[in-house]
Amino acid sequence: MMKYILVTGGVISGIGKGIIASSVGTILKSCGLRVTAIKIDPYINIDAGTFSPYEHGEVFVLDDGGEVDLDLGNYERFLDIRLTRDNNLTTGKIYQSVITKERRGDYLGKTVQVVPHITDAIQEWVVNQAKVPVDGDETEPQVCVIELGGTVGDIESMPFVEAFRQFQFKVKRENFCNIHVSLIPQPSATGEQKTKPTQNSVRELRGLDLIWFLIKSVEPSRSEAVVRTFSCWSDPEGLILLFRLLLQIMCRCSTALENSVKEKISMFCHVEPQQVICVHDVSSIYRVPLLLEEQGVVGYLSSRLNMPIQTKPRTMLAKWKEMSDRSDRLLEQCSIALVGKYTKFSDSYASVIKALEHSALAISHRLEVKYIDSAYLEPGTMQDEPVKYHEAWQKLCSADGILVPGGFGVRGTEGKIHAISWARKQRKPFLGVCLGMQLAVCEYARNVLGWSDANSTEFDPESKHPVVIDMPEHNPGQMGGTMRLGKRRTIFTTGNSVLRKLYGDAEYVEERHRHRFEVNPELKRHFEDQGFRFVGQDVEGERMEIIELEDHPYFVGVQYHPEFTSRPIKPSPPYLGLLLAAAGKLQSYLQKGCRLSPRDMYSDRSSSSSPDSEIAELRFPPVTDSA
């Protein structure tokens, strides 16, 4: 039977449910289980595709083109799996599917209601999606970790809570449990860890009846008594039984939970002390699985869900610890200027930051990201806000490398072009992703080819030199799902490309896309005559996918988003190249004749794509300037 683990949250949103859900999946996968994950977002949007990054952070893109919540990026990075668009469930998707059935007459004239039709649709979706293979071997998963977004008690999440109240009864006690993540605040005035928010959050969970059906299905002889207990709270033994069967509380706090606080939560929330798990702040999110494993989460889940946990040493977690310990000991530092328009909210570039971290760790450097609002680099800012202007340029000039990520809209684009121009002229390592690549083309056209008005038609439809244009399939009248999305193949057109070498001298790569505009293919020859090379194209040879500038330490642009497939032990090649160049090690690394696939940086013997075997062979050899 499939095992289901529901992760809910209380007190506040953004508490770290996604990291905890990913970490639970990681430690179960390290035990030899096949794990999948589902993220439920209660908003009415069909998907995350039309969100501003300031709403929910970045829009993560999957192989099938699904535009989903950034937590699915955490699942993929932690578990090294490939999810689909249906692993992100929203209220909009559920209502859309139910209304479509109603229009077809599937309900045979019945009144369509939240209960049972919406709740049944939720349960059916979860059951069907949990069976979809995610490891690339067409093997059905054994465990499904489900994260319910928002906080328990929100009006928009009520249909999902009701659905899982029914669901636990259908799948039986031994196949379902709930991990509730709550906040333990620690006011600076007193320094005391407060449990009241967690008590209230668990009380809210009780009030929603998320668990009495479970008792009824497990112990029929006592079900009536337990239900009475639930109503009047008069039988402590029955009450403790009620919550002991289902709930595990994970407490988010800034410092380790004191024993007295843990015992207080245990007593007032009616769970055993071992069911209260401390998830305090740690140096790296990759330490969270280790933190949970140390507190016996594997043993609890194994017993609670009757799962076939392997007793052999868990090599995967041992190597995660090795990787985390190593990251804490790094001494050398490498700084990257991230020039974007959403820099006030770091989650807007979550996957970009993770890809940089993965690459920095691979070359034994501590990463420093310098966030620069691209609008502050524009001449107009010097007149209006000179302090911000000079601070932005000081950050840019002092960085070891420059990254211009993807984005939409005209605001700040001129500032990005100024940053790209500076990187090109000063021979500073540069990587442009999606819009960053398109603006690199615009900058070169303006300042080298002499086309002063060169621009993208997204920003200047009347430009006489439209070097970036709308794609044929783009529908400007509708925003959602009309971009070029998902995994596409890029063919290398030359054998001496730096990026091709970093990809292991591959003939082609398959990466994920998300864009509406592309480089104008009719103007290609004007650029290549001046040493601006298009070294990667799509399979039809019409779309420009990769650019490289000759006689530059590292000036690369990619139309796709390589950050979406970066992994802690398999850093993305374009980002790896940027970090190597920024650290002054790229040329020596290439000249040493190493196997250039990022995976092989850690081992000369690893040939499997499974995370356990790859991490088991983790080596992290130092990259030096000497041959």
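The values are calculated or read from the model by the stated rules, or taken from the named source; none is laboratory data. Quick caveat, the model's predicted, so the values are computed rather than measured. Positions of Cβ are backbone-derived with ideal geometry, glycine not excepted, and every protein chain shown enters the neighbour counts. Each accessible area value is taken on the protein alone, full model and side chains, heavy atoms only, with ligands, DNA and RNA left out. Shrake-Rupley method; radii C 1.70, N 1.55, O 1.52, S 1.80 Å.
Exactly one condition in (1) modelled with pLDDT of 90 or more; (2) of a type in the set (Val, Ile, Thr); (3) more than 30 Å from Asn200 (Cα to Cα) is false for Val7; which is it?
Among (1) modelled with pLDDT of 90 or more; (2) of a type in the set (Val, Ile, Thr); (3) more than 30 Å from Asn200 (Cα to Cα), the lone unmet condition for Val7 is (3).
Residues of segment 338-352 being open to solvent by 20 Å² or more (accessible area, probe 1.4 Å) and either acidic (Asp, Glu) or farther than 21 Å from Leu377 by Cα (or both), which ones?
Across segment 338-352, the qualifying residue is only Asp347.
Would you mind finding the one in Ile12, Ile46 that is surrounded by fewer than 24 Cβ atoms within 10 Å (Cβ to Cβ), among the aliphatic types (A, V, I, L, M), in contact with a Ser or Thr (Cβ under 9 Å, 6 or more places away or on another chain) and closer than 30 Å to Arg489 by Cα?
Ile46
Among the candidates Leu449, Leu439, single out the residue that is open to solvent by less than 60 Å² (accessible area, probe 1.4 Å), at pLDDT 95 or above and not in a strand (DSSP E or B).
Every option except Leu439 fails the conditions.
Output the residues belonging to segment 258-274 that are of a type in the set (A, V, I, L, M) and part of a loop (DSSP other than H, G, I, E, B).
Passing the criteria: only Val271.
Would segment 104-121 turn up any residue that is among the β-branched types (Val, Ile, Thr), in contact (Cβ under 8 Å) with a residue 60 or more places away in the chain and buried (at least 21 other Cβ atoms within 10 Å of the Cβ)?
No, segment 104-121 has no match at all.
Go through segment 275-303 and give me each residue that's of a type in the set (A, V, I, L, M) and either open to solvent by 40 Å² or more (accessible area, probe 1.4 Å) or not in a helix (DSSP H, G or I) (or both).
Val276, Ile277, Val279, Val282, Ile285, listed by residue number.
Could you look through segment 183-192, keep only residues that are more than 30 Å from the chain's Cα centre (by Cα) and either open to solvent by 40 Å² or more (accessible area, probe 1.4 Å) or modelled with pLDDT of 90 or more (or both), and pick out the one that is nearest to Val152 (Cα to Cα)?
Top of the filtered list is Pro187.
Whether any residue in segment 422-430 is touching a helix residue (DSSP H, G or I) at 6+ places or on another chain (Cβ under 6 Å) and either polar (S, T, N, Q) or closer than 20 Å to Ile353 by Cβ (or both) is what I want to check.
yes
For the condition open to solvent by less than 70 Å² (accessible area, probe 1.4 Å) and closer than 20 Å to Arg34 by Cβ, what is the one hit in Val152, Val143?
Answer to the selection: Val143.
Considering only residues that are buried (at least 19 other Cβ atoms within 10 Å of the Cβ), more than 21 Å from Cys334 (Cβ to Cβ) and among the polar types (S, T, N, Q), look in segment 362-387 and name the one that is nearest to the chain's Cα centre (by Cα).
Ser374
Return only the number of the condition from (1) open to solvent by 20 Å² or more (accessible area, probe 1.4 Å); (2) touching a strand residue (DSSP E or B) at 6+ places or on another chain (Cβ under 7 Å); (3) part of a helix (DSSP H, G or I) that Ile19 does not satisfy.
Failed condition: (2).
Results for (1) in contact (Cβ under 8 Å) with a residue 40 or more places away in the chain; (2) in a loop (DSSP other than H, G, I, E, B); (3) open to solvent by less than 10 Å² (accessible area, probe 1.4 Å), shown as yes or no for each residue.
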| position | (1), (2), (3) |
| --- | --- |
| Glu124 | no, no, no |
| Glu138 | no, yes, no |
| Ser157 | yes, no, yes |
| Glu162 | yes, no, no |
| Pro197 | yes, no, no |
| Arg203 | no, no, no |
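Kindly indicate whether any position in segment 304-311 is open to solvent by 10 Å² or more (accessible area, probe 1.4 Å), over 19 Å from Gly18 (Cα atoms) and without any contact (Cβ under 8 Å) to a residue 60 or more places away in the chain.
So far as segment 304-311 goes, yes, one or more of its residues are open to solvent by 10 Å² or more (accessible area, probe 1.4 Å), over 19 Å from Gly18 (Cα atoms) and without any contact (Cβ under 8 Å) to a residue 60 or more places away in the chain.
Taking segment 49-63, which residues are open to solvent by 10 Å² or more (accessible area, probe 1.4 Å) and of a type in the set (Val, Ile, Thr)?
Thr50, Val59
Could you tell me whether segment 130-143 includes any residue that is at pLDDT 90 or above, hydrophobic (A, V, I, L, M, F, W, C) and within 30 Å of Lys262 (Cα to Cα)?
So far as segment 130-143 goes, yes, one or more of its residues are at pLDDT 90 or above, hydrophobic (A, V, I, L, M, F, W, C) and within 30 Å of Lys262 (Cα to Cα).
For segment 24-115, please list each of the helices (runs of 4 or more DSSP H) lying entirely inside it that holds at least 1 residues being at pLDDT 90 or above and either under 23 Å from the mean Cα position of the chain (by Cα) or not hydrophobic (A, V, I, L, M, F, W, C) (or both).
71-79, 91-104
Scanning for something under 22 Å from the mean Cα position of the chain (by Cα), of a type in the set (Ser, Thr, Tyr) and closer than 30 Å to Leu33 by Cβ, does segment 320-337 turn up at least one residue?
Yes, segment 320-337 has at least one match.
Identify the single condition in (1) within 17 Å of the chain's Cα centre (by Cα); (2) open to solvent by less than 10 Å² (accessible area, probe 1.4 Å) that Glu357 does not satisfy, given that it satisfies every other one.
Of everything listed in (1) within 17 Å of the chain's Cα centre (by Cα); (2) open to solvent by less than 10 Å² (accessible area, probe 1.4 Å), Glu357 misses just condition (2).
Looking at segment 345-430, what helices (runs of 4 or more DSSP H) fall wholly within it and have at least 2 residues that are aliphatic (A, V, I, L, M)?
The qualifying helices (runs of 4 or more DSSP H) are 350-362, 386-398, 413-425.
If you go through segment 85-95 one residue at a time, how many are touching a strand residue (DSSP E or B) at 6+ places or on another chain (Cβ under 9 Å) and either open to solvent by 30 Å² or more (accessible area, probe 1.4 Å) or under 26 Å from Gly32 (Cβ atoms) (or both)?
Final tally of qualifying residues: 3.
Is it fair to say Val279 is modelled with pLDDT of 90 or more and among the aliphatic types (A, V, I, L, M)?
So Val279 passes the test.
Would you check if Gln168 is open to solvent by less than 10 Å² (accessible area, probe 1.4 Å), assigned to a helix (DSSP H, G or I), in contact (Cβ under 8 Å) with a residue 60 or more places away in the chain and under 23 Å from Met2 (Cβ atoms)?
Answer is yes for this residue.
For segment 478-505: of the residues being open to solvent by 30 Å² or more (accessible area, probe 1.4 Å) and among the polar types (S, T, N, Q), which is modelled with the lowest pLDDT?
Gln478
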